[in-house]
Amino acid sequence: MQLYGTDITSRLLLGSAQYPSPAHLTKAIAASGTEIVTVSLRRETAQGSGAGFWDILRQTGVRILPNTAGCHTATEAITTAQMAREIFATPWIKLEVIGHSDNLQPDVFALVEAAAELTRQGFQVFPYTTDDLVVGDRLLGAGCEVLMPWGAPIGSGQGLRNPDALRAMRAHFPEVPLIVDAGIGCPSDAAQAMELGYDAVLLNTAVAKAGDPIGMARAMATAIDAGRMGFNADPMEAREMAAPSTPILGLAELV
Amino acid sequence: MITIAGAGVAGLASAYELAKRGAEVTIYEAGSSPADNPSSWFAGGMLAPWCEGEVADPQVVRLGAGAINWWAQFTPVTRNGTLVLTPPRDRAELDRFARRTEHHRWVDAGEIATLEPALEGRFQRGLLFEDEAHLDPRRALMDLTRTVQGLGVEIRYATPAPDQVDVDCRGMASDLPGLRSIRGEMAVIEAPDVQISRTLRLLHPRIPLYLVPRGDDIYMIGATMVESASWKPVTVRSLLELLGAAFTLHPALGEASVIETGAGLRPAFIDNIPRLKQRGETTHVNGLYRHGYLLAPALAGQLARQFFQESQDETACERRTA
């Protein structure tokens, strides 16, 4: 898989928040084999340097994808992205502009606006968006080369709420890397996203809040592999009726 | 004589355990009073080992279990337990909390009203941790200070520690590698209209809140957990989240006065588990994270046992001074 010209092997992108401890996080990263970890940046963290935590992350050797979690306006998101670029020395930014504080759904208007401005400033934007095709088109128009639609609201663990919309999105953007971001609860949800032909899955809470985050990290990575392999193997079509899997011809004649 | 750097909760508890065993102890404290130890001063004062078990290592639960009786030796401890609640729409959080913790029982709306009449009709169910307790961390710090002074410990305030001390309890101010700081922000409110008698925890996926009664209509509300080394005052966002969650607990808390806000940096190791660390001639007691009052007694006990074993053993003593 290529993201902005970079070859990535692991199709699991992992968030770094809410783990019982950084030790759990680093072990989960290792167990999952992920190459990309998202990090949220808050203003006080930037000023006071959350250096301890970031040093721990850097030492894992993963690629950092800073995000603008918690930003509610385009301006706020752009400022956060600029701080992130300075701190992490990467043009990558996961762009999140929250539109509603209850379900944390993206404000797609501000998202498109911020994506266009950040692209103009040389960022490589990973937009957290809905499964709306028109918004997807606008984001590509704004310069995004990746789309990250939600599976369900952030942190809800509900799985893919609207697989039909995600399927339509895959069909509509056959050449664009698509990553399901948010809503994954169980390994089967992640596998389902991959079976739909998605390129990768980004998740955080499902691993961080599991009773055994390291075990769940491994489970998610395995499910994503299985889902991808299943997609590549061209699954059979579902049928209305039973079809015998054993041929009828050549049955033994029991006299 | 044993020298200790830092008169926060870790330094004082260490001094107590050492002095109790007959050691002569001197504490060096850069601040001019107990209030100059922000991690201890702005703490919640919950003695809640079983609740902490939700995310903390089982070691934390085990080490913390003795803290309630330890503190009760010198300071008032309120043994009313902890009541864990959740807004109706986050009820799955309560099931998860129950699954991951021990030593609790379910209570229904009726029992919640009996336990905390102010909360009547507000919550359908909750989890009660009957054996947990809380204290006023400032009062406790003062009481422990007086206790150790009574045992002959000399505390030199406004005196930076010498380069070489036997025990270093300075938290983030020590130069121990592998420590990081977790910023915690809190608010103190005065709420004469709401009477709460035990620690309440409100579960919420984003802002787990606790409210600890301090007596005389005063309550402490905490606390954020931010991976940050910033000392600046509490942010509007954090205050908004803390006070918003308090309002969910009881709308009448909206009428309370905010009488203080504060921020402290909690020292933590990568696994958030505190430990004794030997570095050269110095034993570090550090990494108490959000468990200073809960775990300082157990760590101080370990420290004292280690010290007294070693000083009885001549060769170990020589090795240390060699």
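Quick rundown of the values:
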read-out: Residue match in the range B:98-116 (condition: touching a strand residue (DSSP E or B) at 6+ places or on another chain (Cβ under 6 Å), within 14 Å of chain A (Cβ to nearest Cβ), open to solvent by less than 40 Å² (accessible area, probe 1.4 Å) and more than 20 Å from B:PRO274 (Cβ to Cβ)); value: yes
read-out: Those residues of the range B:217-228 which are assigned to a loop (DSSP other than H, G, I, E, B) and open to solvent by 40 Å² or more (accessible area, probe 1.4 Å), in sequence order; value: B:ASP217, B:MET225
read-out: Any pair with Cβ under 8 angstrom, 6 or more apart, that starts in the range A:16-40 at a residue that is within 20 Å of A:ILE154 (Cβ to Cβ) and ends at one that is of a type in the set (Lys, Arg) and open to solvent by 10 Å² or more (accessible area, probe 1.4 Å); value: A:GLN18/A:LYS209; A:SER32/A:ARG218; A:ILE36/A:ARG63; A:VAL37/A:ARG63; A:THR38/A:LYS94
read-out: Meets criteria (assigned by TED's automatic domain parsing to the domain that holds B:TYR293, out of contact with any His (no Cβ under 8 Å at 6 or more places or on another chain) and farther than 24 Å from B:GLY81 by Cα) for B:ASP143; value: no
read-out: Residue check for B:GLY280: open to solvent by 60 Å² or more (accessible area, probe 1.4 Å) and within 19 Å of B:SER174 (Cα to Cα); value: yes
read-out: Yes/no for A:GLU86 being of a type in the set (D, E, K, R), open to solvent by 50 Å² or more (accessible area, probe 1.4 Å), more than 14 Å from chain B (Cβ to nearest Cβ) and part of a helix (DSSP H, G or I); value: yes
read-out: Any pair with Cβ under 8 angstrom, 6 or more apart, that starts in the range B:220-246 at a residue that is among the β-branched types (Val, Ile, Thr) and ends at one that is outside any loop (DSSP other than H, G, I, E, B) and open to solvent by 40 Å² or more (accessible area, probe 1.4 Å); value: B:ILE221/B:LEU243; B:THR224/B:GLU241; B:VAL234/B:THR261; B:THR235/A:ARG43
read-out: Search result, residues across the range B:189-213 that are open to solvent by 10 Å² or more (accessible area, probe 1.4 Å) and more than 14 Å from chain A (Cβ to nearest Cβ); value: B:GLU190, B:PRO192, B:ASP193, B:GLN195, B:ILE196, B:SER197, B:ARG198, B:ARG201, B:TYR210, B:PRO213
read-out: Filter result (within 13 Å of chain B (Cβ to nearest Cβ), open to solvent by 40 Å² or more (accessible area, probe 1.4 Å) and not hydroxyl-bearing (Ser, Thr, Tyr)) within the range A:1-41; value: A:ALA17, A:GLN18, A:HIS24, A:LYS27
read-out: Pairs, first modelled with pLDDT of 95 or more in the range A:199-226, second charged (D, E, K, R) and open to solvent by less than 20 Å² (accessible area, probe 1.4 Å), C-beta under 6 Å, six or more apart; value: A:LEU202/A:ASP181
read-out: Pair list, Cβ < 6 Å and 6+ apart or interchain, from the range A:156-176 residues that are open to solvent by 70 Å² or more (accessible area, probe 1.4 Å) to residues that are among the hydrophobic types (A, V, I, L, M, F, W, C); value: A:GLN158/A:ALA152; A:ARG161/A:ALA152; A:ARG167/A:LEU196; A:HIS172/A:LEU133
read-out: Count - residues of the range B:77-97 that are of a type in the set (Gly, Ala, Ser) and at pLDDT 95 or above; value: 1
read-out: Single unsatisfied condition, B:ALA43 versus (1) closer than 22 Å to B:ILE182 by Cβ; (2) out of contact with any strand residue (DSSP E or B) (no Cβ under 8 Å at 6 or more places or on another chain); (3) away from chain A (no Cβ under 14 Å); value: (2)
read-out: Single residue of B:PRO34, B:PRO38, B:PRO87 found to be assigned by TED's automatic domain parsing to the domain that holds B:ARG105 and either open to solvent by less than 20 Å² (accessible area, probe 1.4 Å) or within 19 Å of B:ILE155 (Cα to Cα) (or both); value: B:PRO87
read-out: Matching residues in the range B:252-270 - criterion: being open to solvent by less than 40 Å² (accessible area, probe 1.4 Å), touching a helix residue (DSSP H, G or I) at 6+ places or on another chain (Cβ under 6 Å) and within 21 Å of B:ILE182 (Cβ to Cβ); value: B:GLY264, B:LEU265, B:ARG266, B:PRO267
read-out: Every pair of residues 6+ apart whose Cβ atoms lie under 8 Å, when the first sits in the range B:90-104 and is closer than 19 Å to B:GLU132 by Cβ while the second is aromatic (Phe, Trp, Tyr) and in a helix (DSSP H, G or I); value: B:THR101/B:TRP50; B:GLU102/B:TRP50; B:HIS103/B:TRP50; B:HIS104/B:TRP50
read-out: Any hit, the range A:57-79, residues being assigned to a helix (DSSP H, G or I), within 14 Å of chain B (Cβ to nearest Cβ) and surrounded by 22 or more Cβ atoms within 10 Å (Cβ to Cβ); value: no
read-out: Hits in the range B:154-172 - residues which are modelled with pLDDT of 90 or more, under 22 Å from the mean Cα position of the chain (by Cα) and not in a strand (DSSP E or B); value: B:CYS169, B:ARG170, B:GLY171
read-out: Where B:GLN73 falls short, out of the listed (1) out of contact with any strand residue (DSSP E or B) (no Cβ under 9 Å at 6 or more places or on another chain); (2) polar (S, T, N, Q); (3) open to solvent by 50 Å² or more (accessible area, probe 1.4 Å); (4) assigned by TED's automatic domain parsing to the domain that holds B:TYR28; value: (4)
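The values are calculated or read from the model by the stated rules, or taken from the named source; none is laboratory data. Every value quoted in this text rests on a predicted model; they were computed, and no experiment measured them. Counting neighbours? That spans all protein chains shown, and the Cβs are built from the backbone with ideal geometry, glycine included. Just so you know, the surface numbers come from the protein's heavy atoms only, side chains and all, with ligands and any DNA or RNA stripped out. Shrake-Rupley method; radii C 1.70, N 1.55, O 1.52, S 1.80 Å.
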